[in-house]
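The next block holds one structure in the form of structure tokens; read it before the comments.
The values are calculated or read from the model by the stated rules, or taken from the named source; none is laboratory data. What you see is a predicted model, and the numbers here were worked out from it, not measured in a lab. Here the Cβ is made from the backbone with ideal geometry for all residues, glycine too, and neighbour counts use every protein chain on show. Just so you know, the surface numbers come from the protein's heavy atoms only, side chains and all, with ligands and any DNA or RNA stripped out. Shrake-Rupley method; radii C 1.70, N 1.55, O 1.52, S 1.80 Å.
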Amino acid sequence: MKHLLTPLLLCFLAVCAHASALDDIVPRPAKAEASKGSLRISGTSIKCDPAFDAATVEAVGRFAARLGYASGKTSPVSTPPGLRDALAGGKVKGIVFLRDGSLAPEAYSILVSKRNAVVRASGLNGVIYALETLRQLLPPSIYGSRQALKDRWTLPCCLIEDSPRFAWRGMHLDSSRHFWSIDEVKRYLDVMAMYKLNRFHWHLTDDQGWRIEIRAFPLLSQIACWREGTMIGRDFSSNDHIRYGGFYTREEIREVVDYAAARGITVVPEVDLPGHMLAALSAYPQLGCTGGPYAAWTKWGVSDQVLCAGKESTFEFLEAVLAEVAELFPGEYIHIGGDECPKDEWKKCPDCQARIRELGLKGDERFSAEQYLQNYVTRRIQEYLATLGKKVIGWDEILEGDLAPGATVMSWRGAAGGKEAAARGFDAVMTPNSHCYFDYCQAEGCEGEPLGIGGFVSLEKVYSLDPLEGISPENAHHILGVQANLWTEYISTPEHLEYMLLPRLLALSEVQWCAPERRDAARFLRVLREHEYPVLEEAGYNYRHTTD
Ligand code: ACM
Ligand code: ZN
């Protein structure tokens, strides 16, 4: 009896151990079933269907290189013809990647047996997510840069079938208030890719600095990218008098776009207009209502000085800028900001008032004539971008007035903008500041936290977001997805940036990826402690180590 029980018990424990490894994947897969046994993969061969494109084979190659180094045994990648037939004949060992056109673009499956692991996906994104899932099943040393020869390089036998809940799984970065080098941006993209995010919203312009080279307006990267110092701490009357600036060249922008694309991430550039434009006005004062002089702001907050909506030269400027932006960023969307545009200057400006009269704009009980004027700016820019084959996305203020069909709304002042957008037939991305503002503190009252803008968004709060709450089922298809925003007024070092991002990004990833019934806060917190903190440690990221 004893002899019979022991193998049975061991077998049961082995399946349990695998079940637990499968439950430690973040974001949690839609379906993950353990079976008995495991597959050794150090030194195993990796074969890719020749039907995959070069970018997909390269992604597999990066995984193989890392696995080879960490495990100390190289894993050669090949694209052999006849792979399918060989697999059907039961002859193939190792890890096999097969193109399966019947799967949705971001879906994948992994079937691990004692003989081989077979991954199926229709293209790059599905394969990338399968690779990330495989990494999550391996020892955390797969994320580091050291050799870990003694680690157990095996995969548990299992079947995983997975696809995301939302198509837009975004993370934003403010490069205006503080400037992040290309290498820092790449590290940001790396951790986004680890958790299967697919949109990088890059905030490139604001009152405190313009960060993208535009050939038609060279002073943007000679004057507008500089500010004469920065306020110290929370003292709005102070200035450290240290000249601060930086911008990305066209080549650097292309490098980031390509780096992101190779990791399944589309970059959504933001040129915030018509407000948040003081830095641009410092270089081209004729575009303002008063003509200046202007200087990029040295303090945080929102400047009253905005682009003049009455002057044609403003539209010539915006069109030239956006034409170059459209050329550099191949994604379908350009973010045009639209938030927090004070109207005081427009009320006083003869050109803006003449435009209001010419267009016959009138205030009503809901909106002022100047709000309708902003609506006119949005509409003109939207029409122009459509001629370049681009769609417009903007902060929820663009809903004020008569938003033209086809625009997408980013709901940041809570979820109200997203609800209204969906009800009015617009697509929306949910990024409510109540749950998705990662510049807010991670502890109540900011107790013990680094200097910050205030607010409080705990890890648990991020995890608790229901993006479809209050949205009627017939309008749910308008909610494209979820994104978190990281404004950087009070964040000036990469260590602080990562601390604000992590581990909240991991909670966000489950909100974005998992169906509601697959989300479980208690499980998530356990996995964070037992598996993800070691992963972040190995990958060298700074993160807030929650003890609660
Ligand atoms: C915003 O936070 N002003 C979009
Ligand atoms: Zn004006």
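Expected output is a single nm value to one decimal: the length gained when fully extending between residue 423 and residue 460, i.e. 0.36 nm times separation in residues minus the C-alpha distance. What is it? Walk me through the numbers before you get to the answer.
Details: separation 37, 0.36 × 37 = 13.32 nm, distance 2.86 nm.
Net length gain for the segment: 10.5 nm.
Using the Kirkwood radius over Cα pairs, work out the Stokes-Einstein diffusion coefficient for the range 239-378 at 37 °C and 0.692 mPa s, in µm²/s as a whole number.
196
Just tell me which lysines come within less than 28 Å, Cα to Cα, of residue 73; anything on the same chain fewer than 8 places away is out.
Candidates past the 8-residue exclusion: 36, 47, 91, 93, 114, 150, 186, 196.
In whole angstrom, and with the biggest value first, how far do the Cα coordinates of the range 68-205 range along each principal axis?
Extents along the principal axes: 58, 39, 26 Å.
At most 13 other Cβ atoms within 10 Å and a DSSP loop assignment: could you name the GluC sites (Glu not before Pro) in the range 461-498 that fit? Kindly include the intermediate steps, with their values, before the conclusion.
Working: sites: 469, 474, 489, 495, 498; in loops: 469, 489.
The qualifying sites are 469.
How far, in nm, would the chain grow between residue 254 and residue 115 when pulled straight, counting 0.36 nm per residue and subtracting the alpha carbon separation?
So the chain would gain 45.9 nm between residue 254 and residue 115.
Once amide H atoms are built 1.01 Å from N in the peptide plane, which residues 5 or more positions from residue 97, or in another chain, come under 5 Å H to H?
Excluding prolines and chain starts, which carry no amide H, the hits are 47, 48, 49, 119.
Tally the DSSP beta bridges in the chain and give the antiparallel ones as a percent, rounded to 5.
35
How about the range 133-200: which trypsin sites (Lys or Arg not before Pro) there are in a DSSP loop, with at most 16 other Cβ atoms within 10 Å of their Cβ?
Within the range 133-200, the qualifying trypsin sites (Lys or Arg not before Pro) (loop, at most 16 other Cβ atoms within 10 Å) are 146, 150, 152.
Which of the lysines could a cross-linker span from residue 311 if the Cα-Cα distance has to be under 29 Å and same-chain partners fewer than 8 positions apart are dropped?
Result set, ordered by chain and number: 299, 343, 347, 348, 362, 390, 391.
Would you work out the charge dipole size for the chain about its Cα centre, treating the Cβ of every Lys and Arg as +1 and the Cβ of every Asp and Glu as -1, and quote it to the nearest 20 debye?
In debye, rounded to 20, the chain gives about 2520.
Taking the Cα centre of the range 118-214 as origin, work out the dipole magnitude from +1 charges on Lys and Arg Cβ and -1 charges on Asp and Glu Cβ, in debye rounded to 20.
In total the dipole reaches around 400 debye.
Separation between the residue 302 and residue 443 pseudo-spin-labels, each 7 Å from Cα along Cα→Cβ, expressed in nm?
Placing both labels 7 Å beyond Cα along the Cβ direction yields 3.1 nm.
Only sites in a loop by DSSP and with at most 15 other Cβ atoms within 10 Å count here; which chymotrypsin sites (Phe, Trp or Tyr not before Pro) in the range 391-426 make the cut?
Here no loop site has a sparse enough neighbourhood.
Using Cα centres only, tell me the gap between the range 164-197 and the range 319-381 in whole Å.
What the calculation gives is 28 Å, centre to centre.
Would you mind computing, in nm to one decimal, how far apart the modelled labels at residue 215 and residue 340 are, each placed 7 Å from Cα along Cα→Cβ?
3.4
Post the alpha-carbon centroid distance, the range 391-411 to the range 440-457, in whole angstrom.
31
May I ask for the Rg/Rh ratio of the range 135-248, computed from Cα atoms with Rh as the Kirkwood radius, given to two decimals?
Looking at the range 135-248, the ratio lands at 1.16.
Can you give the FRET efficiency to the nearest 0.05 for residue 517 and residue 376, using r as the Cβ-Cβ distance and R₀ = 56 Å? Mind dumping the intermediate values first?
Values: r = 45 Å, r/R0 = 0.81.
For R0 = 56 Å, the calculated efficiency reads 0.80.
Which listed residue (71, 244, 440) has the Cα farthest towards the positive end of the charge dipole for the chain, taking +1 on Lys and Arg C-beta and -1 on Asp and Glu C-beta about the Cα centre?
Checking the options against the dipole of the chain, the answer is 71.
What residues from the range 191-235 fall in the zone where the backbone N is under 20 Å from a label point 7 Å along the Cα-to-C-beta line of residue 312?
Under cut-off, by backbone N: 217.
Which aspartates and glutamates have a Cα lying under 18 Å from the Cα of residue 419, excluding residues fewer than 8 positions away in the same chain?
Within reach: 339, 396, 397, 400, 402, 427, 466, 469, 474.
Leaving out ligands and nucleic acids, and using a 1.4 Å probe, what accessible area per residue does the range 138-283 come to in Å²? Please report the intermediate quantities before stating the final value.
Details: 4740 Å² over 146 residues.
Per residue, the range 138-283 has an accessible area of 32 Å².
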